[in-house]
1. Which one, ILE81, LEU348, GLY18, is farthest towards the positive end of the dipole of the chain when Lys and Arg carry +1 and Asp and Glu -1 on their Cβ?
2. Note down, for the stretch 1-44, the three equivalent ellipsoid semi-axes (square root of 5 times each alpha carbon gyration tensor eigenvalue), biggest first, whole angstrom.
3. What is the antiparallel percent of DSSP beta bridges lying wholly in the stretch 1-137, to the nearest 5?
4. Express in nm, to one decimal, how much length is gained between LYS34 and GLU347 on full extension, taking 0.36 nm for each residue of separation and deducting their alpha carbon distance.
5. If you take the square roots of the eigenvalues of the alpha-carbon gyration tensor of the stretch 1-130 and sort them as a ≥ b ≥ c, do you get rounded (a/c under 1.5), prolate (a/b over b/c) or oblate?
6. Note the full-extension length gain between ASN91 and ASN79 as 0.36 nm times their separation in residues minus their Cα-Cα distance, in nm to one decimal.
7. What ranking do GLU19, GLU347 get, fewest neighbouring Cβ atoms within 10 angstrom at the top?
8. Let's see if you can work this out: charge +1 on each Lys and Arg Cβ, -1 on each Asp and Glu Cβ, no other charges. What is the dipole magnitude of the chain about its Cα centre, in debye to the nearest 20?
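Quick note: the coordinates plus some simple rules give every number you see, no bench work behind them. Bear in mind that the values here come from a model prediction, so they are computed numbers and not experimental data. Here the Cβ positions follow ideal geometry from the backbone for every residue, glycine too, while neighbour counts run over all protein chains shown.
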Amino acid sequence: MRQLRVELGARSYPIYIGEKLFKTVDLQSLISGKQVMIVTNETVAPLYLDALKRQLPDLQVDEVILPDGESFKTLENLNSIFDALLQMRHNRTTTLIALGGGVVGDMTGFAAASYQRGVDFIQIPTTLLSQVDSSVGGKTGVNHPLGKNMIGAFYQPKAVLADTSILRSLPARELAAGLAEVIKYGFIYDEAFLSWIEANIDALNACDSKALAEAVYRSCEIKAEVVAQDEREGGIRAILNLGHTFGHAIETDQGYGTWLHGEAVGAGMWMAADLSNRIGWVSDDELLRVEAVLKAAHLPCKPPASMSPARFRELMSVDKKVLNGKIRLVLLKQLGEAIVTEDFASELLDQTLEANYTVEPAVG
Ligand code: NAD
Ligand code: GLY
């Protein structure tokens, strides 16, 4: 088992990474009160809920089992967590445990941030994406029909347990979606890590536990470093959103859950690299490298052909990074170095948005 720490003063917390963590981490010792509410979903519950409950023998343990899917990451479903907490009389010393992927983690975190004005919570992420990204850093929230993650709070967990043995039950498509965020860290921060990913992509695709543990560790290390510098995204933290402005537009256009978040981010990262290339930053060879590593990870690297530039612009205009009506994007100066900027020619963005667009032929 390896351990990292997110350094945020009084709100610092550990991330435990390794196999079979229920055996190596004393979960009860991380909980200060006597009550626990486990939040999970109908897919993960049959797989891991009982094993988790066995780690908490001395506490009042209750559970909420949410429907599975991004389309259920809503205020209505969030309310079912509050209903359960109130029905089972959980007080301000309760601890919420998120057992699931990013959807469960984001919703549980937001519930913890707002239940009785804030209670403790622990993240037990069960997808690769949630282990390398969403469980760390304290972004929590739900979707709104008009925009993804538009309602939420910054609220840090007390601890994160990233158990790589749990990833063995993950469908291949979900593993690939998680790899998108792993690759992201190489693109934005660490070209040497990108080379390591390229060299180990077959092992990662095959869910090799040693390779996955290394990928989770380095990804969390980079995320922890960035979040420690800029918890509330006043500056550098925004680089973690490479590809996300494009990706969120794809997710919203296609309907939440049609494209997985990681898949949309994969295509979005290619679009960001393509625009960076048009500006003259990322070289042609680097752009080919971006495309190759995304393909090797079985990720889409182009947006849906049906999405028009106008539709992209409409959806991108509600992004949280938009400032005074100008679209700001995370772009790449080179592989391993990202910047956040609004300073690019609008025509170049149009060219990127048009790059994969196929106009529907007129009927008749
Ligand atoms: P998800 O939570 O929907 O999980 C993906 C699927 O895998 C679900 O069907 C889930 O039930 C299933 N699953 C989970 N663990 C499993 C396991 N071990 N075995 C078998 N099946 C399992 O999706 P995700 O990719 O984990 O997370 C995506 C969400 O995370 C999005 O809502 C996105 O906005 C959010 N996100 C948040 C942050 C953040 O900083 N808070 C960062 C990135 C993404
Ligand atoms: N996933 C982006 C962030 O946590 O800031």
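1. ILE81
2. 20, 17, 12
3. For the stretch 1-137, the DSSP antiparallel bridge percentage is about 25.
4. Here the segment from LYS34 to GLU347 would lengthen by 106.8 nm.
5. In terms of gyration-tensor shape, rounded.
6. 2.7 nm
7. Ascending Cβ contact count within 10 Å gives the list GLU347, GLU19.
8. It works out to roughly 1040 debye.
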